[in-house]
Amino acid sequence: MGQLNIQNLSVNFHSREGIFQAVNDIDLEIKEGEIVGLVGESGSGKSVTCNSILQLLPCPPAEISQGAIHWTNKDLLKQKEQNMERIRGQEISMIFQDPMSSLNPYLTVLEQVAEPLIIHNLATPEEAMQQASDMLVEVGVDRIRTSPNSYPHEFSGGMRQRAMIAMALITKPALLLADEPTTALDVTVQAKILSILKEACKKLKVSVLFVSHDLGLVAELADRVVVMYRGKVIEQSDTNTLFRNPEHPYVKALIACRPTLENSSNRLPTVDDFISPGDSKPKAIKSPPSSAPLIGKKTLVETKGLTVEFTSKDGKVRAVDDVSLAILEGSTHGLVGESGSGKTTLGRSILQLIKKTSGQILLHGLPIQEQSSLQKLHFRKSMQIIFQDPYASLNPRLTIEQTLSEPMTVHGIGKSKQDRKDRVIALLEEVGLNSEHLSRYPHQFSGGQRQRICVARALTTEPKFIVCDECVSAMDVSVQAQVLNLLKSLQESRGLTYLFISHDLGVVKFMSDEISVMQKGKVVETGTAEAIYRDPQMEYTRKLIDAVPRANRKAEFYS
Amino acid sequence: MMSAGTSNSLGKDAWLRLRANRMAVMSLFVLVGIFIVSLFGPALCSFSYEEQNLDKVFQSPDRVHLFGTDNLGRDLFARTAYGGRISLAVGLLATLVSLVIGVSYGMISGYAGGRIDSLMMRGVDVLYSLPFIIFVILLMVLFGRNFLLLFVAIGAVEWLTLARITRAQTLNLKNTEFIEAARALGFSNLRIIFRHILPNLLGPIIVYATLTVPAVMLLEAVLSFLGLGVQAPMSSWGSLIKEGAEKMDAAPWLLLFPGLFFCVTLFALNFLGDGLRDALDPKSSKNG
Amino acid sequence: MKKLLLSRLLQAIPTLWVIATLTFFMTRFAPGGPFDSEKAIAEEIKVKLESHFGLDRPLLEQYLIYLQNLLHGDLGPSFKYPEWDVSELIATAFPVSLTLGILSLLIALCIGIPIGMVAALRRNSWMDYLPMSLSMAGICLPTFVLGPLLIFALSTNLGVLPPVGWYGPEDWILPSLTLGLFYAAYIARLTRAGMLETLQLDYIRTARAKGANSWRILTKHAAKGGLLPVVTFLGPAFAGLITGSFVIESIFFIPGLGKFFVTAAFNRDYTMVLGTVLFYATLIIFLNLLVDVLQAWLDPKARQT
């Protein structure tokens, strides 16, 4: 019998549309001192499971229809609120995904870290503040000594998450629940937070339930992994076994469809490859790496000394600092960096969505200046962009047909309304949708489908160059693989050139022929994708590669 | 999750949600009722609103005079219905003025951004903190009581809230990806404003316009109460209430009926506005 | 914090100057205004006005005299009652309105905030629906309807409270109640909305996860964020209380600044009207400064602007 024992748990959500079963009769066990990873994509029910342990789900609309959660001779689901208040923060603590919104902006960080001690009467107010200060230093927030009255908005994301960890561990709980604690953080910060978490928990002998959508990340940390899919636990075993010998086809797919740093194939396997009726063997994954396509290609888009400066209350900030890039026709140039690196600003300024401060942007060797409106229109036809958030990328008031035909109307493509409609249908089919989607509205589609529509929209003007601005970052791994495959096949069929921007090194490497690494507005290193990975020249590049969880680097676990 | 079959536009979804809100639907019926009474009441009533009958002064409500009579023997029902015309007219027209000024101001300020925006909004902030009614009164004192001036002045008071809301929404929208996509696709600013921004602004604008009407009516009523509103013989509910308040000991119905009509109208408008706000709530339409 | 105060004060000065200048030019050039040569005015008044405003001097000089007078707090003689100075009249009447205003505000806050908080905590129960429906009714029941009704009910019929006048503390009850209840309704709704929105936020969930009980969450965590809309509302509320005072003082025959202003407007007492307008404008600007400071005190992020 483990320390925490979930049995037959089922959780329903009631809404106007009906009852949705988020968790369907699951069992889960956490032993003392163990770190258990709970992995699943969106809609798997992992967060709901985690939140129901401490009864933090809003009931209604949630309803725990059956099950028991055993903890030190009690069933947590049967406890009165008063008892739960005693357990929360003292026996079982929790940290959440977004440290900015999870910390109270009106209270100082120190006060909030000290609070659990005060709530549970474990120390006097003065003692509590002192212990909080010590704990914060322990997790690496040294500046609490010099500025003890800091507020959350004065800290960076990584610092805030460290504060949350301090806050959760200050009462030395027996179990820590961590709900996607690193998802909102940069890769290098993520690595640090993980190590702090692992160290602190091992030291204080705290068991951990670590919820995440990133299988590779969980492999770094967990002793055991539990995989959930659509409300059910489909597999659980210790980490090594899961990766070496996954049993369930979905788990095999999850492992396989991540673009790892070592993977050099042209196509990612998708969930469909694994969960198709009857066929348990995946289609060929490893195709020979495409031979160097870079020789003999012309430069399509180029920047020379491009600088973008912003004025804020702290003074002038150089988001992009003297960047010179050359992107070859028909190739994909990857741009990788963390937040604040300037990669997004660079992409948008090439498309003239953000005004550049100085430098040149060249298309086909000719500089793009403040042009006449006719030239501008031509420029807009050739260069397009796909954004990160598929929910915000489509006008909610227009049907798909309207959204896709409008650019054609503006640019004079298509001879009649019917002609345009036919072209729109052709585009939809090209991205894997069909004509019955024409009269629908964006809110009726899933995230992956909306992104496909955005791809179709980018193609309406028959562009040569497309900037992909973190366009798969907001997606589940399985959906990501589909969209990436789509982008690659479109590149082949249409001869497109991509500037592929992402913070995820694995994804960038999969997509790109050449990669530029950016940090604080400057390009730190440029090289072919393989060269950057095998032989990084600069310190920062090495740091980025090291920060990638081991399991996301090698595809060694599955062949 | 894709919903099967019929594609509901966001407008249709909102309408369905509104229909489910009983209070809002009731309010709508009440408002329609009051409209009809105000519009056709004076015509259907056998008495005109200004017909004086000094024999029948201060009559309490009976079969002949549904609401009673006032100090000059005038039929209160006719007067109340007629007062409705004035109050509602001022309410709607002044709201229209506010709408036009406020929405244009807010859209331009929000879309232009930068220094133009800060300058324009600084002006709004300054004006917002001043009790405009004081200046309206000042204007009335200096320029005389002109019906047109009245509702332009009132409209000019309420546009500030609409401007602020429009600007906030425009700013939000301007930074969304689908607007950036429109710019990347080479759409002209005009096309973006009218085809992409404005339709997405409609929701909050409708809500606040509905809530502006009662605010405007209240303002007009206060002015009338203070003797600075519409001039006799035109009388809005505000002036009727004023007379009623003065004669309350003798004839409480003179206050009760116009007061009731006025309050119920405000009530219904506020509930409708609240219902619209809930129905158009973007949070509920985000499936995902 | 000090920077904020200073910057707001500096902002206030040009605003006041603009208002003063606007009113100056409006009155000089308004048709039918006091300085219209066609108007038939009593001789003594004419003389006094001319000497005070320097009507025989060129326009620019008149303007400078006007500004100078303002800086000294001299608003000129009353148009209708030239023996009285406008500033004297204001000084007598304002304390009355101030008392009324403060009492009404206290009533509004002390009733509105607790009701709003309870409604938010007990959402969708009768403790929510009842007060919220009442407050909705309260917003729709303007003071000039509620006032006479209260007089009718409590004074005329029940004889519990004195109806009109401002002689002693018992006279304060009905007027401040009428005005206060109206704003209590607004504040209750704002508090409820603000609290509900705050209670949905992530950091409240964190507080719960730490084992905080409802009381602690309400007072220590949710209160500051939830009450911020109420503090923001104080600005327009002050403006509204001033407006409200016109109506209330008229109904209850209270000799406050509002009644003086309305009477002056009705009587076309131009100097009194102008003087009061300027006084109110200055008052509002300082009240808004107070609100800004209060907001900055509550919200650490606002302190940096």
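The values are calculated or read from the model by the stated rules, or taken from the named source; none is laboratory data. Here the structure is a predicted model, which means the values were calculated and not measured. Cβ sites come from the backbone with ideal geometry, for glycine too, and all protein chains shown count toward neighbours.
Looking at the structure I just gave you, is C:Ile217 farther than 30 Å from A:Ile87 by Cα and in a helix (DSSP H, G or I)?
no
Within 14 Å of chain A (Cβ to nearest Cβ) and surrounded by 14 or more Cβ atoms within 10 Å (Cβ to Cβ), is that true of B:Asn71?
no
Would you pick out the residues in the range A:446-481 that are under 18 Å from A:Asp272 (Cβ atoms) and either more than 19 Å from the chain's Cα centre (by Cα) or of a type in the set (Ser, Thr, Tyr) (or both)?
Within the range A:446-481, A:Ser446, A:Ser478 meet the criteria.
For C:Pro255, work out the one condition from (1) part of a helix (DSSP H, G or I); (2) at pLDDT 80 or above; (3) not aliphatic (A, V, I, L, M) it doesn't fulfil.
It is condition (1) that C:Pro255 fails.
With the requirement that a residue be in contact with a Ser or Thr (Cβ under 8 Å, 6 or more places away or on another chain), modelled with pLDDT under 85 and within 15 Å of A:Glu41 (Cα to Cα), what does the range A:240-276 give you?
Matches in the range A:240-276: A:Cys257, A:Thr270, A:Val271.
Which ones in the range C:236-271 are closer than 20 Å to B:Phe225 by Cβ, more than 8 Å from chain B (Cβ to nearest Cβ) and over 15 Å from the mean Cα position of the chain (by Cα)?
Matches in the range C:236-271: C:Phe252, C:Phe253, C:Ile254, C:Pro255, C:Phe260, C:Thr263, C:Ala264, C:Asn267, C:Asp269.
Can you tell me which of C:Gly168, C:Gly211 is within 14 Å of chain A (Cβ to nearest Cβ) and free of Cβ contacts under 8 Å to residues at least 40 places away in the same chain?
Matching residue, one of C:Gly168, C:Gly211: C:Gly211.
Considering only the range A:152-183, state which residues are touching a Gly at 6+ places or on another chain (Cβ under 7 Å) and assigned to a helix (DSSP H, G or I).
A:Arg162
For the range B:50-76, name all the residues that are touching a residue at least 60 places away in the same chain (Cβ under 8 Å) and not hydroxyl-bearing (Ser, Thr, Tyr).
Within the range B:50-76, B:Glu50, B:Phe58, B:Pro61, B:Phe67, B:Gly68, B:Asp70, B:Asn71, B:Leu76 qualify.
Does any residue in the range C:120-149 that is more than 13 Å from chain B (Cβ to nearest Cβ) come within less than 6 Å, Cβ to Cβ, of a residue that is hydrophobic (A, V, I, L, M, F, W, C) and part of a helix (DSSP H, G or I) six or more places away or on a different chain, and which pairs are these?
Going by the 6 Å Cβ cut-off, the qualifying pairs are C:Ala120/C:Met195; C:Ala120/C:Leu196; C:Met127/C:Val118; C:Asp128/C:Ala119; C:Pro131/C:Ile115; C:Pro131/C:Ala119.
Read through the list (1) surrounded by 18 or more Cβ atoms within 10 Å (Cβ to Cβ); (2) away from chain A (no Cβ under 14 Å); (3) over 16 Å from B:Thr80 (Cβ atoms); (4) not hydrophobic (A, V, I, L, M, F, W, C), then give the number of the only condition that B:Gly244 fails.
That leaves (3) as the condition not met.
Identify the residue in the range A:128-182 that is among the polar types (S, T, N, Q) and in contact (Cβ under 8 Å) with a residue 40 or more places away in the chain and, among all such residues, is farthest from A:Gly45 (Cα to Cα).
Looking at residues that are among the polar types (S, T, N, Q) and in contact (Cβ under 8 Å) with a residue 40 or more places away in the chain, I get A:Asn149.
Across the range A:400-445, which residue is nearest to the other protein chains (Cβ to nearest Cβ) among those that are of a type in the set (Ser, Thr, Tyr) and surrounded by fewer than 18 Cβ atoms within 10 Å (Cβ to Cβ)?
Filtering the range A:400-445 for residues that are of a type in the set (Ser, Thr, Tyr) and surrounded by fewer than 18 Cβ atoms within 10 Å (Cβ to Cβ), the one nearest to the other protein chains (Cβ to nearest Cβ) comes out as A:Ser439.
Take the range C:171-204 and flag every residue that is in a helix (DSSP H, G or I), surrounded by fewer than 18 Cβ atoms within 10 Å (Cβ to Cβ) and either hydroxyl-bearing (Ser, Thr, Tyr) or within 14 Å of chain A (Cβ to nearest Cβ) (or both).
C:Leu196, C:Glu197, C:Asp202
Would you confirm, using the coordinates I've provided, whether B:Leu139 is free of Cβ contacts under 8 Å to residues at least 40 places away in the same chain and in contact with a helix residue (DSSP H, G or I) (Cβ under 7 Å, 6 or more places away or on another chain)?
yes
Could you list, in sequence order, the residues of the range B:163-202 that are within 30 Å of C:Pro142 (Cα to Cα) and facing chain A (nearest Cβ under 10 Å)?
Across the range B:163-202, the qualifying residue is only B:Leu202.
If we only count helices (runs of 4 or more DSSP H) wholly inside the range A:437-543, which ones have 3 or more residues that are more than 22 Å from A:Leu325 (Cβ to Cβ)?
Ranges flagged: A:447-459, A:477-494.
Among (1) over 27 Å from C:Phe266 (Cα atoms); (2) in contact with a Lys or Arg (Cβ under 8 Å, 6 or more places away or on another chain), where does C:Pro114 come up short?
(2)
Take B:Leu240 and decide whether it is touching a Lys or Arg at 6+ places or on another chain (Cβ under 7 Å) and part of a helix (DSSP H, G or I).
yes
Would you confirm whether or not the range A:7-22 contains a residue that is more than 14 Å from chain C (Cβ to nearest Cβ) and at positive phi?
Checked the range A:7-22: at least one residue is more than 14 Å from chain C (Cβ to nearest Cβ) and at positive phi.
Which of (1) at pLDDT 90 or above; (2) more than 25 Å from A:Val271 (Cβ to Cβ) does A:Arg452 not meet, given it meets every other one?
Result: A:Arg452 passes all but (2).
If a residue counts only when it is free of Cβ contacts under 8 Å to residues at least 24 places away in the same chain, which helices (runs of 4 or more DSSP H) contained entirely in the range A:338-423 have at least 1 such residues?
Qualifying helices (runs of 4 or more DSSP H): A:373-382, A:400-411.
Consider C:Phe286 carefully, then state whether it is surrounded by 23 or more Cβ atoms within 10 Å (Cβ to Cβ) and away from chain A (no Cβ under 14 Å).
Judged against the criteria, C:Phe286 is not a match.
For B:Arg115, work out the one condition from (1) in contact (Cβ under 8 Å) with a residue 24 or more places away in the chain; (2) assigned to a helix (DSSP H, G or I); (3) farther than 26 Å from B:Pro214 by Cβ it doesn't fulfil.
(1)
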